[in-house]
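The values are calculated or read from the model by the stated rules, or taken from the named source; none is laboratory data. Computed from a predicted model, the values in this text were never measured in an experiment. Note: ideal-geometry Cβ built from the backbone for every residue, glycine included; neighbour counts use all protein chains shown. Ligands, DNA and RNA are stripped out before the accessible areas are found, and what is left, the full protein with its side chains, is counted by its heavy atoms. Shrake-Rupley method; radii C 1.70, N 1.55, O 1.52, S 1.80 Å.
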Amino acid sequence: ETSIQKFKKLYFDTVDKAKKLFYGKYEEEKKKYQNLPSTLYWKLGRILLEFTDRIQDEFVITNYTEALERDFGLSRGYVHELLVFVNVFKKDEILDQIPVSYYRMLMRKRTQLQRLGIFEKEKMKLIKMGKEDKLIGREKYKKELVQVIYNMNRKNS
């Protein structure tokens, strides 16, 4: 078996494993993925990331997200967000009480929050709201993040 054959086998095994997790047994029905628990999204990101970890010493993949978009059925942006999600949040920071859309919202503001030195604080605040069942509406949360960034920028200028 050549290394290319091994690579292909590993890639398609990864895609199959990810599809089973994401779509369940009935892939043709393609579940509405917004109803899936946040922990499942994290596990999915882990599967996709483990593949790249396993092959990185031997191969450089230039079109991984495009290949996954084609073979898995999620947009490139979505695949990219899954890979970022698993790098930004540890397993124990993922709560099913917090819909994945909140985590995505926080990730979209990550660079600005990190620049202000408050990303970890905001991450902990979100987790605490989830644990205490005090999540505010998603749009309200989005506005709150914008406000936090605005206030910190004003304070620092």
With the 1.4 Å probe rolled over protein heavy atoms, the chain has an accessible area per residue in Å² of 63 Å²
Protection proxy (average C-beta count within 10 Å per residue), highest first, orders 37-46, 59-68, 4-13 as 37-46, 59-68, 4-13
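Give, in nm to one decimal, the length gained when the segment between Thr62 and Glu93 is fully stretched (0.36 nm per residue of separation minus the Cα-Cα distance). Display every interim value, and only then the final one.
Numbers: separation 31, 0.36 × 31 = 11.16 nm, distance 3.01 nm.
Full extension from Thr62 to Glu93 adds 8.1 nm.
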Once Lys and Arg are counted +1 and Asp and Glu -1 for all other residues with Cβ under 10 Å from that of Pro37, the total becomes 0
Tilt, helix 138-156 to longest principal axis of the chain (alpha-carbon atoms), in degrees rounded to tens, equals 60 degrees
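Counting pairwise Cα distances across region 73-157, what percent come out greater than 14 angstrom? Mind dumping the intermediate values first?
Numbers: 2305 of 3570 pairs.
Across region 73-157, Cα pairs with separations above 14 Å total 65 percent.
For the chain, take the convex hull of the Cα atoms, compute a quarter of its surface area, and give me that in nm², please. Present the calculation step by step, with values, prior to reporting the outcome.
On the way: hull surface 44.8 nm².
Value for the chain: 11.2 nm².
Distance cut-off 30 Å, Cα to Cα: go down the list Lys6/Lys123; Lys43/Lys131; Lys123/Lys155; Lys9/Lys121; Lys43/Lys125 and report the pairs above it.
Numbers: Lys6/Lys123 39 Å; Lys43/Lys131 20 Å; Lys123/Lys155 21 Å; Lys9/Lys121 42 Å; Lys43/Lys125 23 Å.
The answer is Lys6/Lys123; Lys9/Lys121.
If R0 is 35 Å, what FRET efficiency do you get for Glu132 and Glu50 from their C-beta distance, rounded to 0.05?
On the way: r = 33 Å, r/R0 = 0.93.
E between Glu132 and Glu50, to the nearest 0.05, is 0.60.
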Full extension between Glu139 and His80 adds, at 0.36 nm per residue less the Cα distance, a length in nm of 19.0 nm
Carbon and sulfur atoms account, in whole percent of the 1.4 Å probe accessible area of the chain, for 50 percent
